[in-house]
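**Q** Quick one: the structure is below, questions incoming.
The values are calculated or read from the model by the stated rules, or taken from the named source; none is laboratory data. What you see is a predicted model; the values in this text were computed from it and never measured. All Cβ positions, glycine included, derive from the backbone under ideal geometry; neighbour counts span all protein chains shown. Calculation scope for accessible area: heavy atoms of the full protein, side chains included, ligands and nucleic acids excluded. Shrake-Rupley method; radii C 1.70, N 1.55, O 1.52, S 1.80 Å.
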Amino acid sequence: MQCKYPYIILLLVLASFSASAQGLLKGSVYENGTNNKLADVFIRDKNTKQLTITDKQGNFSIKTEAGHILIFECPGYVSDTLYVVDLTQKKIMLQTQTIALREVSISSTRATFDPHKEYPEIYEKSKVYVLSPSTWFSKDAKDARRLKKYFEHEQQERRIDQAFSRAYVGSLVPLKGQELENFMALYRPSYAFVTGNDATSMAVYINDSYKKYLALPPDKRALPKLDTVKAK
């Protein structure tokens, strides 16, 4: 019997193909040159904004498909990207930053970040409902809560960046270049201090910290560099 609705059937076939094209990509993230797996690595699909984060064993799974680009980010490591060719299990290697431990957080040029607007689905999935066991125990719910904590930490770091910027600190202490970066890394204030004090208190804190900095032996005025292991 001839179909009376070939166009509708064609649409259903195409929709089914599109849905099946996206699958689950699994893998692990390691520190480059070592067997150390990295927990809490933030992973984002650039094409769909799908998000996940590695577990305590450094493993991850994310819905994606061939042709998409995944971005891997972790404090203290160089961000990396993966162009998805297939859904075979992946082994991602992140290179350690060859800079001072906190230098990556000193920059005041990071764009404004509002995860509530950019990723509202994460906050919805992170909610817990008494009569819904899946909101307590499902992987999606657990990952959403971990991502929520990640977002909160990132927002706090950016708030500190704004109050403790290179331009502002440099206007109060006679340091430049690497010396200024070392000073800011050593005396970076906490989020609690930044939100609990005004501009006057911040200026006093910076000046007091500078006196402490000058009292340090020269070899103690810089944080140790992160060891970088070359890939074999």
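**Q** Return the pairs, sorted by first residue and then second, in which the second residue is part of a helix (DSSP H, G or I) and among the basic types (Lys, Arg), the first residue lies in the stretch 204-232 and is at pLDDT below 60, the beta carbons are less than 7 Å apart, and the residues are 6+ apart or on different chains.
**A** If the second residue must be part of a helix (DSSP H, G or I) and among the basic types (Lys, Arg), no pairs are left.
**Q** Considering only the stretch 151-203, how many residues are of a type in the set (Ser, Thr, Tyr) and buried (at least 18 other Cβ atoms within 10 Å of the Cβ)? Break it down stepwise before answering.
**A** Start the filter on the stretch 151-203 by keeping residues that are of a type in the set (Ser, Thr, Tyr), which leaves 165, 168, 171, 187, 190-191, 195, 200-201.
The next check asks that each one be buried (at least 18 other Cβ atoms within 10 Å of the Cβ); those that pass are 187.
So the answer is 1.
**Q** Next question. Taking the stretch 110-141 as the region of interest, how many residues are over 14 Å from residue 51 (Cβ atoms), under 17 Å from the mean Cα position of the chain (by Cα) and modelled with pLDDT under 70?
**A** 3
**Q** Here's another thing I want to ask about it. Going by what's in this entry, would residue 42 be described as under 14 Å from the mean Cα position of the chain (by Cα) and crowded, with 18+ Cβ neighbours inside 10 Å?
**A** Judged against the criteria, residue 42 is a match.
**Q** Can I ask one more? With the requirement that a residue be open to solvent by 60 Å² or more (accessible area, probe 1.4 Å), touching a strand residue (DSSP E or B) at 6+ places or on another chain (Cβ under 6 Å) and not in a strand (DSSP E or B), what does the stretch 58-90 give you?
**A** 79, 87, 89
**Q** Separate question: If only one of 55, 40, 45 is in contact with a helix residue (DSSP H, G or I) (Cβ under 8 Å, 6 or more places away or on another chain) and either modelled with pLDDT of 90 or more or charged (D, E, K, R) (or both), which one is it?
**A** Just a single option satisfies the conditions, and that option is 40.
**Q** Go through (1) open to solvent by less than 40 Å² (accessible area, probe 1.4 Å); (2) at pLDDT 90 or above one by one and return the number of the condition residue 24 breaks.
**A** (1)
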